[in-house]
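Notes for the one structure printed next.
The values are calculated or read from the model by the stated rules, or taken from the named source; none is laboratory data. If you're wondering where the values come from, they're calculated on a predicted model, not measured in any experiment. Neighbour counts are summed over all protein chains in view; Cβ atoms, including those assigned to glycine, are modelled from backbone coordinates with ideal geometry. The accessibility values were calculated without ligands, DNA or RNA, using every heavy atom of the protein model including side chains. Shrake-Rupley method; radii C 1.70, N 1.55, O 1.52, S 1.80 Å.
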Amino acid sequence: MLAGSLGFVALSIVFLVAHSTVRMMVVGGLGVSFFGFCSVFIIQRLLHHGRSELVLDDAGVDHARLGRFGWDEIAAVRIREQRVGKTSQLFIELVLHDPDAYLARAPKLVRSTASMNARLGFGPANMTTNTLPVPPEEVLDAMRRHCPGLAIQH
């Protein structure tokens, strides 16, 4: 993913430098911005590779990007799917009792994407499943083992 993002950054720079049309310069500028952000995000994830993506314990959930949640903060969990064209992405959504309280302490990236998530019908605490080493159903089962009364929505 990093190689692909850096490749698109390089291609976008070519659009900026080699083409004199306004359209290609706009495409190049957007490409450098977007894929540059993706590259930085991927590099950060690689540098924090020693840290587990998701840790579940009797006190709650600790996610590398979202932060820490106590079981008492989580009203329910559910597996959600976001479709874009012919592809889809699965997420584990933590349905929170007080999303605003979480957003007040959430990492900057989560706060900046919260309104977009809300427009798509998602809450602020969503974990992508493609970076987890087990299927999402196993994560929900493990959550229920740590918190037997946890509501799982379908």
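Laid out as a table, the results:
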| item | result |
| --- | --- |
| All strands (runs of 3 or more DSSP E) inside region 74-149 with 1 or more residues being more than 12 Å from the chain's Cα centre (by Cα) | 74-84, 87-96 |
| Residue selected from region 64-73 under the condition surrounded by 15 or more Cβ atoms within 10 Å (Cβ to Cβ) and over 14 Å from the mean Cα position of the chain (by Cα), by the criterion nearest to L46 (Cα to Cα) | F69 |
| Residue check, V77 more than 24 Å from E137 (Cα to Cα) and of a type in the set (V, I, T) | no |
| Some residue of region 47-59 being under 30 Å from P136 (Cα atoms), in contact with a Leu (Cβ under 9 Å, 6 or more places away or on another chain) and part of a helix (DSSP H, G or I) | no |
| Those residues of region 102-113 which are open to solvent by less than 20 Å² (accessible area, probe 1.4 Å) and of a type outside the set (F, W, Y), in sequence order | A106, V110 |
| Of all residues making up region 1-15, the number that are open to solvent by 60 Å² or more (accessible area, probe 1.4 Å) and modelled with pLDDT of 85 or more | 6 |
| Subset of region 120-154 (residues that are at pLDDT 85 or above and open to solvent by 80 Å² or more (accessible area, probe 1.4 Å)) | E137, E138, D141, R144, R145, P148 |
| Residue that is farthest from V9 (Cα to Cα) [pool: residues in region 22-40 that are open to solvent by 100 Å² or more (accessible area, probe 1.4 Å) and either among the charged types (D, E, K, R) or within 18 Å of the chain's Cα centre (by Cα) (or both)] | R23 |
| Condition check for H19: modelled with pLDDT under 90, surrounded by 11 or more Cβ atoms within 10 Å (Cβ to Cβ) and out of contact with any Ser or Thr (no Cβ under 8 Å at 6 or more places or on another chain) | yes |
